Amino acid sequence: MTIFEAQHIHFTGIKGVAMTSLAQCVVDMGGTVVSGSDVGDKFVTQPILDTLQIQLFEGFSAENIAEDIELLIYTAAHKGPDNPEVIAAREKGIATLSQAEALSQLFNQKQGIAVCGVGGKSTVSAMLSWIFTKEQKPISYSVGVGEIIGLPHTGQWQKDSEYFIAEADEYVVDPAAPAKGQPIVPRFSYLTPYIIVCTGLRFDHPDVYRDFDHTKEVFLSFFKQMKADGKLIIPAHDEALRALAKQLTKERSDIQIITFGDEKNSEIYLSNLSFGNAETKYSITSQSQTYNGKLLLPGKYNCMNATAAITAANIAGISIYSAMKHLETFRSTKRRFEYVGEKNGVKYYDDYAHHPEELKAVITAARDFFLGKKVLIAFQPHTYSRTKALFNEFAESLNVPEDIVLLDIFASARESADDTVSSKMLVDAVKKLGKENIQFIGSVDQFSDFLKMNEGGFEVVLTLGAGDIYQVH
């Protein structure tokens, strides 16, 4: 049973950003009944789910699996294939697919543009979706965010589109696979792209990947899956990616490697960056032609994201000039340097950054964007495994001039508590580096109380993390 054949599709764990974006694609296909289930907690996807007007069950139960369901799609969260709804569906003879498998059935129908990498893939995917939409070029896409500000959807299926843009996730389909004696399967391994944008390579997901070498092996395997005459777009400064690209072309000489960035040897060269007055200016040079553009987003990293998106759009037939003009009105996505609002003279922003390299990039961008203002950075570490494996890197990334507060570690639904690592320990480690203006707060509620008592001491508050810290706003 494929996603195109099923008359009733049920999404187990539908509130996840990747699942919600895929559900929107299915609704766009028409003629299919869609239902879903998830925990009762509030997720960033709730506003979109409300607009879909689908049947939504609170909690996971075999009773949610109606007799007319023909296909069940599940996520890696909530026990993945071991979720009671998945088990019940299989007992009833109902077909089941992971989100990754289901997405691939749509993606592989088109000329796929897969955006992968540690940091930036959501933003680049959203930028590409924005460019195609504003160009009025038919496009299908699936972006793992709560909202692309200014667009009604985070997922869309258009039958007549030539391209499908997908945020390609390197995490695994079933995190419990090793404990079962089964091999891990990266979620993006089901995709067969024509264009791959890799934003950068770092060690992440230590709960499933042994080390950085293991991560590189997984990405290289993904690159090898590209269609004939595929295009791989990578940042010129990333030595690990350049090495993988060199290795790739030994086996796949048909694949073209295209580099971008502010390195002089970049084929798509980024230059003339300037920040201030809530505006970013930059230039892109390609084949001796220079184009000037603006962004409503801060930071060098967002200029890099824009350059990556523009490069991919240009391969797909959209001029660099047009792509840059379209991005001048792009206002980011939910939880990516999102302006939440202003209260009593304090401006509040929120970002999903949860890896040390992402923290560095966002904090640096905030410093440039809010030059001379008193900024408070609040960080909620995400998962015990990541915090523990990258503990020293986190400490270094938080050793900055700005005032810092840390919340408790936000545990993933797929892991157990680990008392050998904590946010308090991380605060102590940063203090040992010489930083004094850092403190541990605790819960989101405690942080809310802290803000109410101290809002006069700051002009900007920036919350960071992949957990529920955004709810403080």
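Taking the condition among the β-branched types (Val, Ile, Thr) and under 21 Å from the mean Cα position of the chain (by Cα), does Val34 pass?
Judged against the criteria, Val34 is not a match.
So which of Arg367, Arg386 ends up being touching a residue at least 60 places away in the same chain (Cβ under 8 Å) and crowded, with 19+ Cβ neighbours inside 10 Å?
Of the residues listed, the single one that is touching a residue at least 60 places away in the same chain (Cβ under 8 Å) and crowded, with 19+ Cβ neighbours inside 10 Å is Arg386.
Out of (1) touching a helix residue (DSSP H, G or I) at 6+ places or on another chain (Cβ under 9 Å); (2) crowded, with 17+ Cβ neighbours inside 10 Å, the odd one out for Ser61 is which?
Only one criterion in (1) touching a helix residue (DSSP H, G or I) at 6+ places or on another chain (Cβ under 9 Å); (2) crowded, with 17+ Cβ neighbours inside 10 Å is unmet by Ser61, namely (2).
Asp351: touching a strand residue (DSSP E or B) at 6+ places or on another chain (Cβ under 9 Å), buried (at least 20 other Cβ atoms within 10 Å of the Cβ) and of a type in the set (D, E, K, R), yes or no?
Yes.
Quick check on my filter: what residues within segment 440-473 are surrounded by fewer than 13 Cβ atoms within 10 Å (Cβ to Cβ) and touching a helix residue (DSSP H, G or I) at 6+ places or on another chain (Cβ under 9 Å)?
Answer for segment 440-473, where residues must be surrounded by fewer than 13 Cβ atoms within 10 Å (Cβ to Cβ) and touching a helix residue (DSSP H, G or I) at 6+ places or on another chain (Cβ under 9 Å): just Asp445.
Run down Phe275, Phe219 and say which single residue is touching an Asp or Glu at 6+ places or on another chain (Cβ under 6 Å) and of a type outside the set (D, E, K, R).
Phe275
Select, from Phe260, Phe275, Phe222, the only residue that is assigned by TED's automatic domain parsing to the domain that holds Asn302, among the aromatic types (Phe, Trp, Tyr) and more than 24 Å from the chain's Cα centre (by Cα).
None of the other options fit; the residue is Phe275.
Criterion first (of a type in the set (A, V, I, L, M) and out of contact with any helix residue (DSSP H, G or I) (no Cβ under 8 Å at 6 or more places or on another chain)) does Val33 satisfy it?
Criteria met by Val33.
(1) exposed (fewer than 14 other Cβ atoms within 10 Å of the Cβ); (2) assigned to a helix (DSSP H, G or I); (3) of a type outside the set (Ser, Thr, Tyr): which one isn't true of Gly372, the others all being true?
Here Gly372 clears every test but (2).
Against the condition surrounded by fewer than 22 Cβ atoms within 10 Å (Cβ to Cβ), under 17 Å from Thr311 (Cα atoms), out of contact with any helix residue (DSSP H, G or I) (no Cβ under 6 Å at 6 or more places or on another chain) and in the same structural domain as Leu128 (by TED's automatic domain parsing), how does Gln247 come out, does it pass?
It is false that Gln247 is surrounded by fewer than 22 Cβ atoms within 10 Å (Cβ to Cβ), under 17 Å from Thr311 (Cα atoms), out of contact with any helix residue (DSSP H, G or I) (no Cβ under 6 Å at 6 or more places or on another chain) and in the same structural domain as Leu128 (by TED's automatic domain parsing).
Looking for whichever is over 19 Å from the mean Cα position of the chain (by Cα) and not assigned by TED's automatic domain parsing to the domain that holds Glu393 here; the options are Ala168, Ala177. Which one fits?
Result: Ala177 is the single residue among Ala168, Ala177 that is over 19 Å from the mean Cα position of the chain (by Cα) and not assigned by TED's automatic domain parsing to the domain that holds Glu393.
Of all residues in segment 5-24, how many are touching a Phe, Trp or Tyr at 6+ places or on another chain (Cβ under 7 Å) and in a helix (DSSP H, G or I)?
The total comes to 2.
Name the residues in segment 217-242 that are in contact (Cβ under 8 Å) with a residue 12 or more places away in the chain, loosely packed, with under 14 Cβ neighbours inside 10 Å and in a helix (DSSP H, G or I), would you?
Once the filter is applied, which keeps residues that are in contact (Cβ under 8 Å) with a residue 12 or more places away in the chain, loosely packed, with under 14 Cβ neighbours inside 10 Å and in a helix (DSSP H, G or I), segment 217-242 yields Ser221, Lys224.
Can you tell me which of Glu393, Glu402 is closer than 19 Å to Leu376 by Cα and at pLDDT below 95?
Exactly one residue qualifies, and that residue is Glu402.
Only strands (runs of 3 or more DSSP E) wholly contained in segment 273-355 count here; list those with 3 or more residues that are out of contact with any helix residue (DSSP H, G or I) (no Cβ under 7 Å at 6 or more places or on another chain) and closer than 30 Å to Ser412 by Cβ.
It comes to 338-343.
Within segment 40-54, track down each residue that is surrounded by 13 or more Cβ atoms within 10 Å (Cβ to Cβ), out of contact with any Phe, Trp or Tyr (no Cβ under 8 Å at 6 or more places or on another chain) and over 14 Å from Leu22 (Cβ atoms).
Phe43, Gln46
Taking the condition of being assigned to a strand (DSSP E or B) and surrounded by fewer than 21 Cβ atoms within 10 Å (Cβ to Cβ), how many residues in segment 98-121 meet it?
1
For the list (1) among the small types (Gly, Ala, Ser); (2) surrounded by fewer than 21 Cβ atoms within 10 Å (Cβ to Cβ); (3) not in a helix (DSSP H, G or I), I need the number of the one condition that Ala88 fails.
Looking at each condition in turn, Ala88 falls short on (3).
Going through segment 67-97 one residue at a time, which ones are more than 19 Å from Ile3 (Cα to Cα), in contact with a strand residue (DSSP E or B) (Cβ under 8 Å, 6 or more places away or on another chain) and either among the basic types (Lys, Arg) or at pLDDT below 95 (or both)?
His78
Which residue out of Leu244, Leu220 is within 25 Å of Leu106 (Cα to Cα) and modelled with pLDDT of 95 or more?
Residue meeting the stated conditions: Leu220.
Please count how many residues of segment 19-76 are charged (D, E, K, R) and more than 30 Å from Val208 (Cα to Cα).
Of the residues in that region, 6 qualify.
Output the number of residues of segment 318-335 satisfying the condition of being among the polar types (S, T, N, Q) and either touching an Asp or Glu at 6+ places or on another chain (Cβ under 7 Å) or at positive phi (or both).
3
Answer yes or no as to whether Gly120 is at pLDDT 95 or above, within 18 Å of the chain's Cα centre (by Cα) and not hydrophobic (A, V, I, L, M, F, W, C).
For Gly120, the condition - at pLDDT 95 or above, within 18 Å of the chain's Cα centre (by Cα) and not hydrophobic (A, V, I, L, M, F, W, C) - is not met.
Cβ contacts < 7 Å: first residue closer than 13 Å to Val405 by Cβ, restricted to segment 416-439; second residue of a type in the set (D, E, K, R) and surrounded by 15 or more Cβ atoms within 10 Å (Cβ to Cβ), any location; separation 6+ or different chain. Result?
Here the result reads Ser423/Asp408; Asn437/Asp403; Ile438/Lys431, each pair linking segment 416-439 to a residue that is of a type in the set (D, E, K, R) and surrounded by 15 or more Cβ atoms within 10 Å (Cβ to Cβ).
The values are calculated or read from the model by the stated rules, or taken from the named source; none is laboratory data. Model, not experiment: these values are computed from the prediction. Counting neighbours? That spans all protein chains shown, and the Cβs are built from the backbone with ideal geometry, glycine included.
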